[in-house]
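Some notes on the structure that comes next.
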Amino acid sequence: MSSKRLLFNISKLTGTITVPGDKSISHRAVMLGSIAKGKTTIKGFLPGEDCLSTISCFQKMGVKITQQEDYVEVESNGINGLVEPKELLDVGNSGTTTRLLLGILATCPFHSILIGDESIGKRPMSRVTKPLATMGAKIDGRENGQYTPISIRGGQTKGIDYISPVASAQVKSSILLAGLGSEGITSVTEPALSRDHTERMLEAFGVKVKREGLKVSIEGGQALTATHIEVPGDISSAAFFLVAGAIVPNSSIYLKNVGMNSSRRGIIDVLTDMGANLTVQNERIVNGEPIADLAITTSNLKGIEIGGEIIPTLIDEIPIIALLATQAEGITTIKDAAELKVKETNRIDTVVSQLEKMGASIKPTEDGMIIEGKTALHGATVDSFGDHRIGMMLAIAALLSSSESNLLNAEAISVSYPNFFEHLNELVQI
């Protein structure tokens with residue numbers, strides 16, 4: 001376990017940064033490139049531990065993948081070119097790798113076993129293994145396929161019309177990827193729209209996708225053609241510096257090339273509703289994904305209620321939104337976010353316990369939290385518990401603290417933002 005002393009009592013943040021490539025899109029670019037025929041090139045890839053786990057898994061199935069920092073080349077003979085892995089497929093800490101890979105393996109006529117770290121071993125996988133088994137894949141694992149290690153033998157699968165009980169891009173994507181190699185049409189209907197990176201990228205690889213409101217469908221037997229993918233900056237990573245720019249005194253931060261997918265930009269809406277001095281500039285489209293530059297300055301914020309359809313568009317940003325709320329006047333209520341309980345940690349409990357240590361007035365609820373601001377923060381020994389987003393949130397919280405904080409398990413941040421502290425130091429003006 002590593003411990004890191006955090007910067008504290010910072011007077012201002014100023015400067016321009018380019019956040020790392022979007023983690024969700026980086027995963028999908030490698031996966032779809034690995035089942036597309038030809039050479040796929042990826043620019044702006046996130047070389048974080050989660051995405052490197054995805055590369056490793058496909059390399060073990062015979063795909064030629066070379067990676068140099070944020071540039072990746074994937075050479076494949078298509079999904080039929082994948083071979084049975086001789087080794088266990090180690091997904092590390094990555095839920096995206098686990099769930100989406102299971103969808104691909106569901107139609108592959110060979111046997112694989114997926115393992116991961118201690119955190120992955122606690123995350124529910126039956127939300128994808130049950131529908132995949134319904135399609136015809138043979139799946140087993142701890143508690144009937146609920147937890148890793150998970151064994152899967154794919155083969156002849158048939159499309160299903162699946163009504164998902166949760167708005168989850170991982171669930172939707174896993175079933176759609178299985179649908180690619182299945183007989184007939186596969187569709188997924190969600191209770192609310194989750195992020196749609198898979199659908200957009202499938203189209204970039206030449207696949208026809210049908211959207212009807214909250215329902216998305218795909219016809220089996222479609223082949224993917226290799227292409228070039230440019231990965232935008234990850235809005236989930238940008239969120240930490242957007243919040244920092246809004247709450248640290250005398251600050252002005254400019255973020256370049258940030259992904260602005262409508263199913264991911266809930267953090268922008270929350271900042272706007274709370275009164276942040278935020279502007280969106282230079283909007284454009286690359287590989288079907290909207291991108292923009294963002295400018296934010298220190299803001300006078302007010303508490304709001306956050307819930308309903310916006311939650312799937314900002315589920316990963318709720319830890320940093322909770323910190324934002326501690327610096328807003330009045331009460332902020334976050335609800336309809338029970339999904340936080342099955343992330344890398346139970347993020348409701350972890351966010352509350354760690355921010356309370358620093359002096360925040362924050363209480364958990366069954367599906368979210370209630371935060372009272374504006375509250376002065378102080379230093380403490382805090383813990384990421386191996387959750388990258390908790391670690392980064394606490395590092396931003398420490399900037400406002402009156403005394404020094406120590407962050408345990410700081411290394412978890414490298415999962416999605418390897419150069420986070422380097423970028424933070426660039427912005428600090430002491």
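Among the residues making up segment 246-302, a single one is without any contact (Cβ under 8 Å) to a residue 24 or more places away in the chain and of a type in the set (Lys, Arg): 284. Take residue 323 and decide whether it is among the hydrophobic types (A, V, I, L, M, F, W, C), over 14 Å from residue 373 (Cβ atoms), outside any loop (DSSP other than H, G, I, E, B) and modelled with pLDDT of 95 or more. Spelling it out, it is not the case that residue 323 is among the hydrophobic types (A, V, I, L, M, F, W, C), over 14 Å from residue 373 (Cβ atoms), outside any loop (DSSP other than H, G, I, E, B) and modelled with pLDDT of 95 or more. Regarding segment 129-141, can at least one residue be identified that is more than 21 Å from residue 217 (Cα to Cα) and touching a His at 6+ places or on another chain (Cβ under 6 Å)? No: zero hits. Is it true that residue 294 is outside any loop (DSSP other than H, G, I, E, B), outside the structural domain of residue 50 (by TED's automatic domain parsing) and either under 29 Å from residue 120 (Cβ atoms) or in contact with a Phe, Trp or Tyr (Cβ under 7 Å, 6 or more places away or on another chain) (or both)? No: the conditions fail for residue 294.
Condition test on residue 41, is it outside the structural domain of residue 293 (by TED's automatic domain parsing) and closer than 25 Å to residue 194 by Cβ? Spelling it out, it is not the case that residue 41 is outside the structural domain of residue 293 (by TED's automatic domain parsing) and closer than 25 Å to residue 194 by Cβ. State whether the residues of segment 229-236 include one that is in a helix (DSSP H, G or I) and either aromatic (Phe, Trp, Tyr) or under 30 Å from residue 8 (Cβ atoms) (or both). Within segment 229-236, one or more residues are in a helix (DSSP H, G or I) and either aromatic (Phe, Trp, Tyr) or under 30 Å from residue 8 (Cβ atoms) (or both).
A single entry from 40, 66, 129 fulfils the requirement of being of a type in the set (Val, Ile, Thr), under 30 Å from residue 232 (Cα atoms) and buried (at least 19 other Cβ atoms within 10 Å of the Cβ): 40.
When 146, 156 are checked against the criterion of being under 15 Å from residue 123 (Cβ atoms) and not hydroxyl-bearing (Ser, Thr, Tyr), a single residue qualifies: 146.
Can you find a residue in segment 340-354 that is of a type in the set (Gly, Ala, Ser) and under 26 Å from residue 406 (Cβ atoms)? Yes - at least one qualifying residue is present in segment 340-354.
Within segment 142-153, being under 15 Å from residue 98 (Cβ atoms) and either touching a residue at least 24 places away in the same chain (Cβ under 8 Å) or outside the structural domain of residue 91 (by TED's automatic domain parsing) (or both) holds for 147, 148, 149, 150, 151, 152.
The values are calculated or read from the model by the stated rules, or taken from the named source; none is laboratory data. All values reported here derive from a predicted model rather than from experimental measurement. When we count neighbours, we look across all protein chains shown, and the Cβ atoms used for this are built from the backbone with ideal geometry, even at glycine.
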